[in-house]
1. Taking the condition surrounded by 17 or more Cβ atoms within 10 Å (Cβ to Cβ) and either over 36 Å from the mean Cα position of the chain (by Cα) or over 22 Å from residue A:168 (Cα atoms) (or both), does residue A:114 pass?
2. Could you please tell me which pairs satisfy a Cβ distance under 8 Å, a separation of 6+ or placement on different chains, a first residue in region B:58-73 that is more than 9 Å from chain A (Cβ to nearest Cβ), and a second residue that is among the aliphatic types (A, V, I, L, M) and outside any helix (DSSP H, G or I)?
3. Tally time: how many residues in region A:158-182 are more than 9 Å from the chain's Cα centre (by Cα) and either modelled with pLDDT of 90 or more or not assigned by TED's automatic domain parsing to the domain that holds residue A:210 (or both)?
4. If only one of B:30, B:77 is over 30 Å from residue A:219 (Cβ atoms) and within 11 Å of another protein chain (Cβ to nearest Cβ), which one is it?
5. Can you pull out the residues in region B:18-44 that are in a helix (DSSP H, G or I) and either at pLDDT 85 or above or surrounded by 12 or more Cβ atoms within 10 Å (Cβ to Cβ) (or both)?
6. On the basis of being within 30 Å of residue A:199 (Cα to Cα) and in contact with a Lys or Arg (Cβ under 7 Å, 6 or more places away or on another chain), does residue A:86 make the cut?
7. Can you tell me which residue among A:21, A:75, A:33 is surrounded by 14 or more Cβ atoms within 10 Å (Cβ to Cβ) and at pLDDT below 90?
8. As an exercise: evaluate residue B:107 against (1) under 30 Å from residue A:221 (Cβ atoms); (2) under 20 Å from the mean Cα position of the chain (by Cα); (3) surrounded by fewer than 19 Cβ atoms within 10 Å (Cβ to Cβ) and give the number of the one condition it does not meet.
Amino acid sequence: MICPECKTEQDFADGRCAACGAASAVRCPKCRGWVAKGEKFCSACGAKIPSRADRIRAAHRSKERQETQHNVNRGRRWMLVVAVLTLFGGVFSYFSGMSEVDKQLREADTAFSGMTPAERDARLKEELGMTWQEVIDHDRGMVTFQMAALVGLGVIFIGLWWWAQTNAFAAALIALLLYGTVMLVSALIDPASLLKGIVVKVVIMVALSSAVSAGYRQRSQVRRRAA
Amino acid sequence: MDPAEPAPPASPDCISCGRPLKPEAAFCSACGHRRGDPPVDRAALVQAKVRKLQRIESGWVGIRSLIAIYFCLLGGAALTSVLGKATDDFTAEAAGSGIIAFIVVIAALRHRRELAECSRTAGFGWKGYAGIVVASLAIVFVVHTYVHGLDRLFKLRMESELNPFSGRHPAWAFLLYAAAPALFEELGFRGVMFGLLRRSLDAREAILLSAIAFGILHLSVPMLITHVPLGLYLGWLRHRSGSLYPSMVAHFLHNGLVVAGGTWNLWPGS
């Protein structure tokens, strides 16, 4: 190999030229042979020899990847927060809803106290299209259904949190769209609910948006490396 | 070639970058080209890399557009729901269809490049379309069974989502519940959104994400169980055929059969 310092054909025992002693060779990262400094590729195996600029760029990219991974992990934690809040919301809504329904049924029962069951059913059928037993089943069914819907949503968010390990972008995008939709639906059912915990809702929307961005950045970094 | 003939001498210069090659080198130390390989078109390689990086950038722009379109459609669905409480079903549904159509048409004009290819071809032959017709019957039967099962499980006495408008000709129900969604939802979800997702995602992910967006935009948690698989099926049709029309036909048949079932009590348990 020709020493880039003294320009003579020399042996490189430990990366130093046997004639001038200059540290003018580096190890090939692939075949571990000696390559003269300044050469871009190993002439024995064709591997790329990283230059100083390459090493700085690689360190910078590695830092970028770490930051992105950190942001992706933060996004995943927010998905878990949404899942836990939704599950708790489901359980809470069940117990508070059931006690509210029982209270309303007791009040209705008092209002109908002078009537026979047949008269009561006839009047309810006229007003609501349901018998007394159907009203009870319907109201309790609605509460159970709401609880089941919220628990189902909580389970979906847990699934997204899990999926974000392997596909952070897709999971975060679905979480963002789903959360925004759920907020809107609950506002349509009860407009006053929109303002309840508005700060937390806005924080979650922002966190999920940045999770989408972090997920996409992570995906782009992988693709850029491949390119 | 005569085996006795000596091999031609190895080229002294790299045929890819033109730098001198060392006699014992198997690779050029300047460009990494293997001795003896045909020359590499470096300009084409650089162009391919630039194109790939441009695709990554345009992919992110596509995702942002998709989120914007989704939330516009969500606003439209919310407005329809508010109108439904303030007016009668027919007015709300007609206004809602108008709003969704307006948003989708604006999005389609803005992203017409995503629609150029899939709107030019029929996708399937007659056998494919016949398969869609048969599949629609099976799908509607499963959906109907699920909705009635849910109704009975929670004793909700839910009214069917696609009941005919009272006092109006059934053609209105077919127009607003079957034709309009088949046209505009397909243009929106399987046309624009699928195209925007495909800029940066592979087909499987694009089908899944457009199906989930389609499912959750119907604003009903129990309907997620039916609409996400339906969206997967419609997305698969779009991908498999490379055309928008098979998914439009499948969507029209599905909604049309549900409307027909509600109008003429065709389904068991109606």
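The values are calculated or read from the model by the stated rules, or taken from the named source; none is laboratory data. In this text the structure is predicted, and so the values were computed from the model without any measurement. Heads up, the Cβs are rebuilt from the backbone with ideal geometry, glycines too, and the neighbour counts pull from every protein chain shown.
1. Against the criterion (surrounded by 17 or more Cβ atoms within 10 Å (Cβ to Cβ) and either over 36 Å from the mean Cα position of the chain (by Cα) or over 22 Å from residue A:168 (Cα atoms) (or both)), residue A:114 does not qualify.
2. Partner pairs satisfying both residue conditions: B:73/B:217.
3. Residues in region A:158-182 being more than 9 Å from the chain's Cα centre (by Cα) and either modelled with pLDDT of 90 or more or not assigned by TED's automatic domain parsing to the domain that holds residue A:210 (or both): 8 in total.
4. Exactly one residue qualifies, and that residue is B:30.
5. Answer for region B:18-44, where residues must be in a helix (DSSP H, G or I) and either at pLDDT 85 or above or surrounded by 12 or more Cβ atoms within 10 Å (Cβ to Cβ) (or both): B:42, B:44.
6. It is false that residue A:86 is within 30 Å of residue A:199 (Cα to Cα) and in contact with a Lys or Arg (Cβ under 7 Å, 6 or more places away or on another chain).
7. On the way: A:21 fails: surrounded by 14 or more Cβ atoms within 10 Å (Cβ to Cβ); A:75 fails: at pLDDT below 90.
Answer to the selection: A:33.
8. (3)
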